[in-house]
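Asks: Here it is: the structure, laid out below.
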Amino acid sequence: MRALLIACDFDGTITRRDTLHVIVEAFGTRDVWTALEPRLRAGEITIEEAMEQEFRGVRATREQVLEAVRERAPIRAGFAELVAWSEAAGHRVVVVSNGFRTVIDEVLGEAGLGRLDVASHEAIFSPDGTRLVWSERGERCGLCGRRCKRYEIERRLRGERLVYLGDGISDRCVIGMADIAFARDGLAEHLRERDVPFLPFEDFHDVRRALESMARDAA
């Protein structure tokens, strides 16, 4: 099988719950996402604008945030096994997220996966408020009009086939680059409505089994 770049969203994909929502629920304004999501889906606001509003009221220390994430947003089953299989087979796994490096590093580090390449934004947490720090993602995408995840993938591809795994709005544009697409939750619904082919998954054991099957068929 040709080498793969396996690019994986973090919140709600690697983790069973979106860590951004966990943080806001614990330390911000409850139900703020309920009001923001319809506007986001309708294109009235961008993901970045929604996140700025979502985190405007979050007041907590870094340690408090990480403790809440550890308790409420565990890693989805099979991710470590997928990484091990990928590395043994000569594939690369990268994490491409609209979330925060502080949180991602903590979760992956505790799972023994701190070596993974991560592309994300950042948040500076304090009892006085939260400041979001946006990463550099090049020029605005000609397809979605945002500085989206395509930029991070284009920088990392080295001639591999692209496997992309995601679950949400920030994954809609970038998954169009994928040779093999895995989707769940809102992203799966979005692709299904548009008759875009993808493979559904519940956990990363499903993903690993599917890729192993493809490898056998290619042999």
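Asks: List, please: which pairs have Cβ atoms under 7 Å, are six or more places apart or on different chains, and start with a residue in the stretch 110-139 that is more than 14 Å from ILE153 (Cα to Cα) and end with one that is surrounded by 12 or more Cβ atoms within 10 Å (Cβ to Cβ) and among the aromatic types (Phe, Trp, Tyr)?
Replies: HIS121/PHE100; HIS121/TRP134; GLU122/PHE100; ALA123/PHE55; ALA123/PHE100; THR130/PHE55; LEU132/PHE55
Asks: Sort through VAL95, VAL65, VAL24 and tell me the only one that's among the β-branched types (Val, Ile, Thr) and in contact with a Cys (Cβ under 9 Å, 6 or more places away or on another chain).
Replies: That would be VAL95, the only listed residue that is among the β-branched types (Val, Ile, Thr) and in contact with a Cys (Cβ under 9 Å, 6 or more places away or on another chain).
Asks: For the stretch 197-219, enumerate the residues that are charged (D, E, K, R) and touching a residue at least 60 places away in the same chain (Cβ under 8 Å). Before you say what the answer is, go through the steps one by one.
Replies: From the stretch 197-219, those charged (D, E, K, R) are 202-203, 206, 208-209, 212, 216-217; that's our starting set.
Answer for the stretch 197-219, where residues must be charged (D, E, K, R) and touching a residue at least 60 places away in the same chain (Cβ under 8 Å): ASP203, ASP206, ARG208, GLU212.
Asks: Filtering the stretch 1-36 down to residues that are in a loop (DSSP other than H, G, I, E, B) and more than 18 Å from the chain's Cα centre (by Cα), which residue is farthest from CYS144 (Cα to Cα)?
Replies: Among those that are in a loop (DSSP other than H, G, I, E, B) and more than 18 Å from the chain's Cα centre (by Cα), it is MET1.
Asks: Here's a follow-up. Restricting attention to the stretch 44-63, which residues are over 14 Å from PHE100 (Cβ atoms) and small (Gly, Ala, Ser)?
Replies: ALA50, GLY57 - these are the residues of the stretch 44-63 that are over 14 Å from PHE100 (Cβ atoms) and small (Gly, Ala, Ser).
Asks: Related question: Given the conditions (1) part of a loop (DSSP other than H, G, I, E, B); (2) at pLDDT 95 or above, and given that ARG137 satisfies all but one, which numbered condition is not satisfied?
Replies: Going through the list (1) part of a loop (DSSP other than H, G, I, E, B); (2) at pLDDT 95 or above, ARG137 breaks only (2).
Asks: Let me ask another. Quick check on the stretch 95-111. Is at least one of its residues at negative phi, surrounded by fewer than 21 Cβ atoms within 10 Å (Cβ to Cβ) and among the small types (Gly, Ala, Ser)?
Replies: Step one: filter the stretch 95-111 for residues at negative phi, giving 95-111.
Add one more test, that the residue is surrounded by fewer than 21 Cβ atoms within 10 Å (Cβ to Cβ), and what stays is 101-102, 105-106, 109-111.
Checking the rest, the ones that are also among the small types (Gly, Ala, Ser) come to 109, 111.
Checked the stretch 95-111: at least one residue is at negative phi, surrounded by fewer than 21 Cβ atoms within 10 Å (Cβ to Cβ) and among the small types (Gly, Ala, Ser).
Asks: Here's a check for you: in the stretch 179-219, which residue that is out of contact with any helix residue (DSSP H, G or I) (no Cβ under 9 Å at 6 or more places or on another chain) and of a type in the set (Gly, Ala, Ser) is nearest to ARG41 (Cα to Cα)?
Replies: ALA188
Asks: Does the stretch 149-188 hold any residues that are under 14 Å from VAL95 (Cα atoms) and of a type in the set (Lys, Arg), and which are they?
Replies: Of everything in the stretch 149-188, those that are under 14 Å from VAL95 (Cα atoms) and of a type in the set (Lys, Arg) turn out to be LYS149, ARG150, ARG155, ARG156.
Asks: Here's a follow-up. Only one of these conditions is not met by ARG39: (1) surrounded by fewer than 18 Cβ atoms within 10 Å (Cβ to Cβ); (2) modelled with pLDDT of 95 or more; (3) assigned to a helix (DSSP H, G or I). Which number is it?
Replies: (2)
Asks: Restricting the search to the stretch 140-163, which residues are without any contact (Cβ under 8 Å) to a residue 40 or more places away in the chain, part of a loop (DSSP other than H, G, I, E, B) and of a type in the set (Lys, Arg)? Before you say what the answer is, go through the steps one by one.
Replies: Quick first cut of the stretch 140-163, residues without any contact (Cβ under 8 Å) to a residue 40 or more places away in the chain only: 140-145, 147-148, 150-151, 154-155.
Narrowing further to those that are part of a loop (DSSP other than H, G, I, E, B): 140-145, 147-148.
Across the stretch 140-163, the qualifying residues are ARG140, ARG147.
Asks: On the given criteria, is ARG146 charged (D, E, K, R), surrounded by 16 or more Cβ atoms within 10 Å (Cβ to Cβ), more than 18 Å from VAL93 (Cβ to Cβ) and more than 16 Å from the chain's Cα centre (by Cα)?
Replies: yes
Asks: For the stretch 61-75, does any single residue satisfy the condition of being assigned to a strand (DSSP E or B), modelled with pLDDT of 95 or more and either in contact with a helix residue (DSSP H, G or I) (Cβ under 7 Å, 6 or more places away or on another chain) or among the charged types (D, E, K, R) (or both)?
Replies: yes
Asks: Another question, if that's okay. If you check ASP128, ASP167, which single one turns out to be closer than 25 Å to MET51 by Cα, surrounded by fewer than 16 Cβ atoms within 10 Å (Cβ to Cβ) and either more than 18 Å from the chain's Cα centre (by Cα) or not aliphatic (A, V, I, L, M) (or both)?
Replies: Numbers: ASP167 fails: surrounded by fewer than 16 Cβ atoms within 10 Å (Cβ to Cβ).
Every option except ASP128 fails the conditions.
The values are calculated or read from the model by the stated rules, or taken from the named source; none is laboratory data. Because the structure is predicted, anything quoted here is derived from the model rather than measured. Every residue, glycine as well, gets a Cβ built from its backbone with ideal geometry; the counts of neighbours run over all protein chains shown.
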